[in-house]
């Protein structure tokens, strides 16, 4: 029974993510694009829950859907760019689609070429007794990966200062 | 029955749509959104392998990818605001001062 739920969930979330990202790429109005991107992010958050990454799903919703998307909407509304020149060169569209399709086929061919992946069953995360996903995550993050964590904080600080300096009126 | 390949192919599809978005669209903001889509596809890959190998490391790296994506969005959108102030356009075809 659980198996059926996992399957149905995967197909619903996967198809939602793919369709929403297709709409995101093809909508003329950037605001519509941003809203379709929001739907993609929520579907991907559902995929994360399926993959036993509950904490990642939560920060996906908070950071991507909450922070980054609001930033995009803010800039789109602030600039209010006229959408002239939307996909006016069909040759460019065909070329771009073909390049993306070839890239996709290459990835799939590589996947099929590796024997490990064909029979790989997803067994789910085997957490130690009494540890939730967040506890196990934190235990690894703040012991083994403490230095990259600090470097990431410096990166965010630099980006924050940089964004203020660049966008400021002289 | 769900296998690792299901998640990897889903991630490949979303990544390719992101590549197509960057190549097709001329609106710089939408091109940036497509970049976020590609980063998200990579995150699905990392989560799938983390679950498959029963290792936390993949999920740790998702957090780092998200931090980089947030930093990139902030700086990139600041650049667009600065660009729009000087050029009154964010169409990639009209930004051709360097004849690129």
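The values are calculated or read from the model by the stated rules, or taken from the named source; none is laboratory data. In this text, all values refer to a predicted model and were calculated from it rather than measured experimentally. Virtual Cβ from ideal backbone geometry, glycine too; neighbours counted across all protein chains shown.
The condition of being surrounded by fewer than 19 Cβ atoms within 10 Å (Cβ to Cβ), modelled with pLDDT of 90 or more and part of a helix (DSSP H, G or I) holds for only one of B:61, B:84, that being B:61. Set side by side, the residues B:59, B:54 differ, and just one is more than 24 Å from residue B:23 (Cβ to Cβ) and out of contact with any helix residue (DSSP H, G or I) (no Cβ under 8 Å at 6 or more places or on another chain), which is B:54. Does residue A:53 count as more than 8 Å from chain B (Cβ to nearest Cβ) and either without any contact (Cβ under 8 Å) to a residue 40 or more places away in the chain or within 15 Å of the chain's Cα centre (by Cα) (or both)? In short, no. Taking each residue of the stretch A:27-41 that is more than 9 Å from chain B (Cβ to nearest Cβ) and within 16 Å of residue B:36 (Cα to Cα) and looking for partners that are surrounded by fewer than 19 Cβ atoms within 10 Å (Cβ to Cβ) and at pLDDT below 90 with beta-carbon atoms closer than 6 Å, six or more apart or interchain, yields A:38/A:65.
On the basis of being out of contact with any strand residue (DSSP E or B) (no Cβ under 6 Å at 6 or more places or on another chain) and assigned to a helix (DSSP H, G or I), does residue B:96 make the cut? It is false that residue B:96 is out of contact with any strand residue (DSSP E or B) (no Cβ under 6 Å at 6 or more places or on another chain) and assigned to a helix (DSSP H, G or I).
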